[in-house]
Amino acid sequence: MDGKDEALIRDIRRLAAEKNAVILAHNYQRYEVQQAADLFGDSLGLSRQAAETSARMIVFAGVFFMAESAKILSPQKKVVMPVLEAGCPLADTLTVESLRALKEEHPGAPVVCYINTNAAIKAECDICCTSANMLQVVESLPDEKLLFVPDKNMGRYLQTQTSKELILWKGVCPTHHRLKKEHILELRRRHPEAKFIAHPECRLDVLELADAIRSTTGFFKYAAESDATEFIIGTETGVLPRMREVNPGKTFYAASEEMVCPNMKMTTLEDVLSVLETEENEVDVPADIREKAVKALERMLAVT
Ligand code: CIZ
């Protein structure tokens with residue numbers, strides 16, 4: 001880290017303490033932004049931890065649906081984003097209208113939504129899931145037919161793990177969808193001892209090559225606990241610097257250097273400092289949507 005970043009992080013930490021703010025950074029954020037944060041991790045873990053703190057304000061360095069989830073779980077706290085335009089193309093594939101149409105086509109089938117959805121979609125769903133608990137959530141429901149939205153790759157993988165019938169939406173995460181089987185076969189040829197860890201947002205033929213399929217938090221746990229010393233990392237490259245830092249004796253290869261989410265990389269240290277100063281870019285969730293969306297989150301929390 002250079003002197004400029006160190007000075008910015010000092011200013012951020014001082015201002016966060018003065019303003020009783022907690023700074024959350026998703027695992028995919030720029031490394032220096034993660035270093036400025038109080039907490040880093042996956043979206044649900046961060047929102048849950050933030051709800052437990054006595055902070056007045058949550059600064060969420062991530063993408064929009066994540067800040068909304070934090071607001072849903074902490075309605076009394078002010079939630080701001082350093083860059084309000086940082087959205088999620090996967091979440092944006094599904095509108096309320098298209099979800100309602102899908103529900104009409106399959107009356108009575110409950111809807112499971114991945115946490116990568118906007119609050120208005122969560123409000124229309126029966127239960128949420130994350131990449132860490134999706135199978136547990138699906139299996140917790142008594143129904144044999146379910147709608148699973150919005151990630152088609154994750155849904156296709158889930159379909160290989162459950163006997164239930166899953167009706168899928170067509171969304172994909174462009175960053176994970178970019179990874180192809182050929183990338184892994186080539187890396188495996190060059191690093192035959194390496195374990196390949198894949199995120200369930202990857203294509204099914206990529207997941208079939210994986211030694212482990214994990215959420216981002218699961219990537220860290222797997223790498224720390226494994227006896228292997230080399231790993232191919234099949235998720236957004238933002239996880240790599242900290243994986244290397246916390247596992248000094250191990251080697252990590254990006255499955256593809258193109259697995260970079262432009263939305264996640266929008267937020268800079270300057271943006272974090274600026275939002276702490278101005279307290280602008282507030283994220284709000286209307287009460288009627290929040291009341292329904294929180295039920296989908298709470299149902300998930302009750303089964304995991
Ligand atoms: O929920 C999250 O944070 C996402 C988007 C991915 C993950 O696996 O942690």
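The values are calculated or read from the model by the stated rules, or taken from the named source; none is laboratory data. Here the structure is a predicted model, which means the values were calculated and not measured. All Cβ positions, even for glycine, are placed from backbone atoms using ideal geometry, and neighbour counts span all protein chains on display. Ligands, DNA and RNA are stripped out before the accessible areas are found, and what is left, the full protein with its side chains, is counted by its heavy atoms. Shrake-Rupley method; radii C 1.70, N 1.55, O 1.52, S 1.80 Å.
Does F219 count as within 12 Å of the ligand (Cβ to nearest atom) and either more than 19 Å from the chain's Cα centre (by Cα) or not β-branched (V, I, T) (or both)?
On the way: within 12 Å of the ligand (Cβ to nearest atom): yes; either more than 19 Å from the chain's Cα centre (by Cα) or not β-branched (V, I, T) (or both): yes.
Yes, satisfied.
Every residue, every condition in (1) small (G, A, S); (2) in a helix (DSSP H, G or I), yes or no:
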| position | (1), (2) |
| --- | --- |
| M1 | no, no |
| E6 | no, yes |
| I9 | no, yes |
| A16 | yes, yes |
| Q29 | no, no |
| V33 | no, yes |
| E68 | no, yes |
| L84 | no, no |
| D92 | no, yes |
- Test each condition in (1) within 14 Å of the ligand (Cβ to nearest atom); (2) hydrophobic (A, V, I, L, M, F, W, C); (3) part of a loop (DSSP other than H, G, I, E, B); (4) crowded, with 24+ Cβ neighbours inside 10 Å for C88 and report the one that comes out false. (4)
- Note on the structure: Within the stretch 181-200, the residues that are open to solvent by 10 Å² or more (accessible area, probe 1.4 Å) and either touching a helix residue (DSSP H, G or I) at 6+ places or on another chain (Cβ under 7 Å) or more than 18 Å from E258 (Cα to Cα) (or both) are K181, R189, R190, H191, P192, E193, K195
- Message: Condition first: open to solvent by 10 Å² or more (accessible area, probe 1.4 Å) and either within 17 Å of V275 (Cα to Cα) or within 12 Å of the ligand (Cβ to nearest atom) (or both). Now tell me which residues in the stretch 44-54 satisfy that.
- Response: L44, G45, R48
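Scan T216, T237 and give me the residue that is open to solvent by less than 10 Å² (accessible area, probe 1.4 Å) and either over 22 Å from Q136 (Cβ atoms) or in contact (Cβ under 8 Å) with a residue 60 or more places away in the chain (or both). So that I can check it myself, show each step before the final result.
Working: T237 fails: open to solvent by less than 10 Å² (accessible area, probe 1.4 Å).
Being open to solvent by less than 10 Å² (accessible area, probe 1.4 Å) and either over 22 Å from Q136 (Cβ atoms) or in contact (Cβ under 8 Å) with a residue 60 or more places away in the chain (or both) holds for just one of T216, T237, which is T216.
Looking for whichever is within 14 Å of the ligand (Cβ to nearest atom) and among the charged types (D, E, K, R) here; the options are R214, R203. Which one fits?
Details: R203 fails: within 14 Å of the ligand (Cβ to nearest atom).
None of the others qualify; the one that does is R214.
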